[in-house]
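Visitor: Pasting a structure below so you can have a look.
The values are calculated or read from the model by the stated rules, or taken from the named source; none is laboratory data. Fair warning: this is a prediction, and the values are worked out from it, not measured in the lab. Cβ placement follows ideal geometry from the backbone for every residue including glycine, while neighbour counts extend to all protein chains displayed.
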Amino acid sequence: MRYGLFPGGKRIRPILTLAAGELFGAKHKLLMPFACALEMIHAYSIIHDDLPAMDDDDLRRGEPTAHRVFGEGMALLAGDGLLTEAFHIISAPQVARSVPSALVLDLIHEIGHAIGAAGLVGGQAFDLEAENKEVDLATVEYIHVRKTGALILTAIRVGARAAGAKGTELRRVSRYGEFLGLAFQIADDILDVKGQTPPGERPESGRKERKKATYPAVVGVVQAKERLKELLQQSLKQLSGFGAEAEHLRAMAHFVAGRALHEERNSKIPEIQF
Ligand code: GRG
């Protein structure tokens, strides 16, 4: 579990939780259990995604994948453990001291929805089904929105909701999250096609020869980039009614899309002091 979680990647999801909560004035101490839980869920999905039964990858972020080091059984359990611990830490009594219990329960419900059959797991199932098949753009988006977008959207909404966001403001931030989630996966696919994924960040040497349902595979890199630019603008537009307090969310949108748009191999996550 430590091996899959602590070396870490870009920490996009917990940063989004903190940035969205900060937009509505929450203290980072209040948001941190939720931010950690979302990163633990991400780490679980990556460990399972790398398993021989799925992508069969030997390397992740430049290091051997969990099952290559500890064996498949232990990697499976590490993923299960991270997923379970995520719900354990946010349902702890200490969390209910700063966030009303009814809201905590509702956030657990929302996360469960986002990572279950209607979200992450369902998206992954569709992705496996679509391998080596001809798919149209609507199917690609359907998979992306669930497999990748749902967790990103939830990371944002949970931060905002834990901070008390409601109504129109919550809807705006949620729309920002929907556009960003799709942008994230398209950017990832563009970097993959162009072989520009920063070294050490992606899984490598998956043994399965497979054709994945991706945006560039269906419409080509040029059009995928156009769609990415459009999504960046749409996500930023949702934040136009907010002031400087939304700067970190804006910076994250630029980071997510900029990695694939600016031909920079090592574009870095913005410096954010929390
Ligand atoms: C087996 C029950 C069960 C569930 C599996 C595997 C899975 C559910 C979902 C897969 C989700 C997945 C791997 C989506 C791809 C999203 C993606 C591009 C992940 C990489 O995210 P980054 O770039 O990673 O944020 P870092 O390395 O920065 O943490």
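Visitor: If you check GLY112 against the conditions, is it assigned to a helix (DSSP H, G or I) and closer than 30 Å to ALA213 by Cα?
Guide: Judged against the criteria, GLY112 is a match.
Visitor: Quick one: is GLU85 within 24 Å of ILE143 (Cβ to Cβ) and modelled with pLDDT of 95 or more?
Guide: So GLU85 fails the test.
Visitor: Continuing with the same structure: Taking the criterion of being within 15 Å of the ligand (Cβ to nearest atom), over 26 Å from ARG97 (Cβ atoms) and crowded, with 19+ Cβ neighbours inside 10 Å, would at least one residue in region 15-23 satisfy it?
Guide: no
Visitor: For residues that are among the small types (Gly, Ala, Ser) and touching a residue at least 40 places away in the same chain (Cβ under 8 Å), tally how many sit in region 83-131. Even if it seems obvious, please write down each step before you answer.
Guide: Narrowing region 83-131 to residues among the small types (Gly, Ala, Ser): 86, 91-92, 96, 98, 101-102, 112, 114, 116-119, 122-123, 125, 130.
Now narrow it down to the ones that are touching a residue at least 40 places away in the same chain (Cβ under 8 Å): 86, 92, 98, 114, 130.
Going through region 83-131 one residue at a time, the tally reaches 5.
Visitor: Kindly list, by first and then second residue, each pair from a residue in region 20-46 that is in contact (Cβ under 8 Å) with a residue 12 or more places away in the chain to a residue that is of a type in the set (Phe, Trp, Tyr) and away from the ligand (no atom under 11 Å from the Cβ), limited to pairs with Cβ atoms under 6 Å and residues at least 6 apart or on different chains.
Guide: Within 6 Å, the pairs are HIS28/PHE274.
Visitor: Taking region 24-58 only, how many residues are under 16 Å from HIS248 (Cβ atoms), small (Gly, Ala, Ser) and buried (at least 22 other Cβ atoms within 10 Å of the Cβ)?
Guide: 2
Visitor: Considering VAL145, VAL140, VAL135, VAL121, which residue is in contact with a Lys or Arg (Cβ under 9 Å, 6 or more places away or on another chain) and either at pLDDT 95 or above or closer than 28 Å to VAL219 by Cβ (or both)?
Guide: VAL121
Visitor: Which condition does LEU236 not pass, out of (1) assigned to a helix (DSSP H, G or I); (2) at pLDDT 95 or above; (3) more than 19 Å from the chain's Cα centre (by Cα), if it passes all the others?
Guide: (3)
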